[in-house]
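Only one structure is covered here, and it is reproduced in the block below.
The values are calculated or read from the model by the stated rules, or taken from the named source; none is laboratory data. Since the model is a prediction, treat every value here as computed from it, not as a measurement. Every residue, glycine as well, gets a Cβ built from its backbone with ideal geometry; the counts of neighbours run over all protein chains shown.
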Amino acid sequence: MKILIAVAADKTGRPDVSDALRCALAVAETLAQNGYAVSMLQVDEALAEDRDALCSALRSEQPDCVFNLFEGFADNPAGEADFAELLEGLALPFTGNRAATLRLCLDKQKTKQLLSEHHIPVPAGICLRPGDTIPEALPDFPLFVKPCCEDASVGIDDHSLVMNRDALSCIVPEKLAQFPDGIIVETFLSGIEYNVGCIGIPPYEVLGVSVMDYGMFPELPQFMTYGAKWEPATEEFHRLLPDPVAEIMPAVRQQLERLAVKAGQALSCCGYFRIDFREHRGTLWVIDVNPNPDINRESGLVRQASARGMTYAQVLDKIIKNCYT
């Protein structure tokens, strides 16, 4: 079977973007060791903008499946959905989620609205865009501020947790200047965080549930910052590690898995994805949906699979077998 790995050749050096290339190399090595014929297409911004050249490059490889690790560029995260849409137009089988799901999940406000329509709990909040004024009526403080149209925890830092209106009035203009596509201002949920990894098509296979209890680290941010995910120089990178083997009450695990499957179906997820929850006052709330999450060897999804006895090669095989055709 011939596999073409597609990945962005981003020159910014931003850690989350660079990680995609590192992931592509790990996937290529593992697939080659397991008998696949593997080639790689590194898509730079010039090639991405030249649709004819990009189509020609994809067709010339004649792959049985495109292992899609293209996540757009640092200054254009929407390129991830554009690339999947191109693969759909070329009728090339590819791994992961379809373009419509990638595009939807990149807009956190639309994602929250759709989940709410399906009676899936999401934090109360508003979306602000440049020119908007902060309304008088807000959810109770503390509030959490994050970009509306970014992923990989981009824009989430120590200033994201806001304790009062004065602090909110200061941070909103700063965040909107950085992220003009909009910001979400929502209730901060202070309980345990759960990450549910899924693979396949509905009703999906739940790979595992990881637990992040921030209460064990009161001196660190009580949420997952960009630094905690991507910057080894930060203390939280080494200490805030979701645990895929932590003990969870059976009733809570069952509810998490049920809600994750329901959310995946509502958003038409397929291939592989992760749903993030936080518990607050006895309710499990969806705080983020990550289609095509990181699948490096040490990633959360792969660690969940490993806890079940699956090898990295077996995870990749499952992803390929569930490719979109």
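Residue 309 - would you say it is out of contact with any helix residue (DSSP H, G or I) (no Cβ under 8 Å at 6 or more places or on another chain) and modelled with pLDDT of 95 or more?
For residue 309, the condition - out of contact with any helix residue (DSSP H, G or I) (no Cβ under 8 Å at 6 or more places or on another chain) and modelled with pLDDT of 95 or more - is met.
Only one residue in 58, 115 is farther than 22 Å from residue 25 by Cβ, of a type in the set (A, V, I, L, M, F, W, C), in contact (Cβ under 8 Å) with a residue 40 or more places away in the chain and part of a helix (DSSP H, G or I), so which one is that?
Going through 58, 115 in turn, just one is farther than 22 Å from residue 25 by Cβ, of a type in the set (A, V, I, L, M, F, W, C), in contact (Cβ under 8 Å) with a residue 40 or more places away in the chain and part of a helix (DSSP H, G or I): 115.
What's the total number of residues in the range 228-244 that are assigned to a loop (DSSP other than H, G, I, E, B) and surrounded by 13 or more Cβ atoms within 10 Å (Cβ to Cβ)?
6
Go through the range 107-158 residue by residue and tally those that are of a type in the set (D, E, K, R) and within 18 Å of the chain's Cα centre (by Cα).
So the count comes out to 8.
Any idea which of (1) touching a residue at least 40 places away in the same chain (Cβ under 8 Å); (2) among the β-branched types (Val, Ile, Thr); (3) in a helix (DSSP H, G or I) is the one residue 145 doesn't satisfy?
For residue 145, the failing item is (3).
Could you please find all residues in the range 77-111 being of a type in the set (Lys, Arg) and without any contact (Cβ under 8 Å) to a residue 40 or more places away in the chain?
103, 110
Take the range 21-52 and flag every residue that is free of Cβ contacts under 8 Å to residues at least 60 places away in the same chain and among the small types (Gly, Ala, Ser).
Once the filter is applied, which keeps residues that are free of Cβ contacts under 8 Å to residues at least 60 places away in the same chain and among the small types (Gly, Ala, Ser), the range 21-52 yields 24, 28, 32, 35, 37, 39, 46, 48.
Would you confirm, using the coordinates I've provided, whether residue 35 is out of contact with any Phe, Trp or Tyr (no Cβ under 8 Å at 6 or more places or on another chain), modelled with pLDDT under 95 and assigned to a loop (DSSP other than H, G, I, E, B)?
Here the answer is no, as residue 35 does not meet what is asked.
Looking at the range 183-197, which of its residues are over 15 Å from residue 140 (Cβ atoms) and in a loop (DSSP other than H, G, I, E, B)?
Those that are over 15 Å from residue 140 (Cβ atoms) and in a loop (DSSP other than H, G, I, E, B): 191, 192.
Any idea which residue in the range 215-234 is farthest from the chain's Cα centre (by Cα), counting only those that are within 17 Å of residue 194 (Cα to Cα) and of a type in the set (Gly, Ala, Ser)?
215
Which condition from (1) more than 19 Å from residue 200 (Cα to Cα); (2) in contact with a Leu (Cβ under 7 Å, 6 or more places away or on another chain); (3) of a type in the set (A, V, I, L, M) is the one that residue 91 breaks?
(2)
Evaluate the range 99-120: report whether one residue or more is under 30 Å from residue 1 (Cβ atoms), among the basic types (Lys, Arg), surrounded by 16 or more Cβ atoms within 10 Å (Cβ to Cβ) and out of contact with any Pro (no Cβ under 8 Å at 6 or more places or on another chain).
Yes, because at least one residue in the range 99-120 is under 30 Å from residue 1 (Cβ atoms), among the basic types (Lys, Arg), surrounded by 16 or more Cβ atoms within 10 Å (Cβ to Cβ) and out of contact with any Pro (no Cβ under 8 Å at 6 or more places or on another chain).
For a quick check of your reading of the model, give me the residue pairs whose first member lies in the range 168-185 and is in the same structural domain as residue 150 (by TED's automatic domain parsing), whose second is buried (at least 18 other Cβ atoms within 10 Å of the Cβ) and of a type in the set (Asp, Glu), with beta-carbon atoms closer than 7 Å and at least 6 apart or on different chains.
Correct list of pairs: 179/150.
Please list, ordered by first then second residue, the pairs with beta carbon atoms under 7 Å, 6 or more apart or interchain, first in the range 1-14 and within 18 Å of residue 28 (Cβ to Cβ), second among the hydrophobic types (A, V, I, L, M, F, W, C) and in a loop (DSSP other than H, G, I, E, B).
Listed by first residue and then by second, the contacts come to 5/69; 6/69; 6/70; 7/69; 7/70; 8/70; 10/74.
Count, please, the residues in the range 204-221 that happen to be in a loop (DSSP other than H, G, I, E, B) and either at pLDDT below 95 or crowded, with 18+ Cβ neighbours inside 10 Å (or both).
Looking only at that region, the number is 2.
Condition (residue is among the small types (Gly, Ala, Ser), assigned by TED's automatic domain parsing to the domain that holds residue 183 and in contact with a helix residue (DSSP H, G or I) (Cβ under 6 Å, 6 or more places away or on another chain)) applied to the range 73-88: is it met by at least one residue?
So far as the range 73-88 goes, no, none of its residues is among the small types (Gly, Ala, Ser), assigned by TED's automatic domain parsing to the domain that holds residue 183 and in contact with a helix residue (DSSP H, G or I) (Cβ under 6 Å, 6 or more places away or on another chain).
Report the residue count in the range 235-258 for those that are over 21 Å from the mean Cα position of the chain (by Cα) and more than 23 Å from residue 285 (Cα to Cα).
Residues flagged as over 21 Å from the mean Cα position of the chain (by Cα) and more than 23 Å from residue 285 (Cα to Cα) within the range 235-258 amount to 1.
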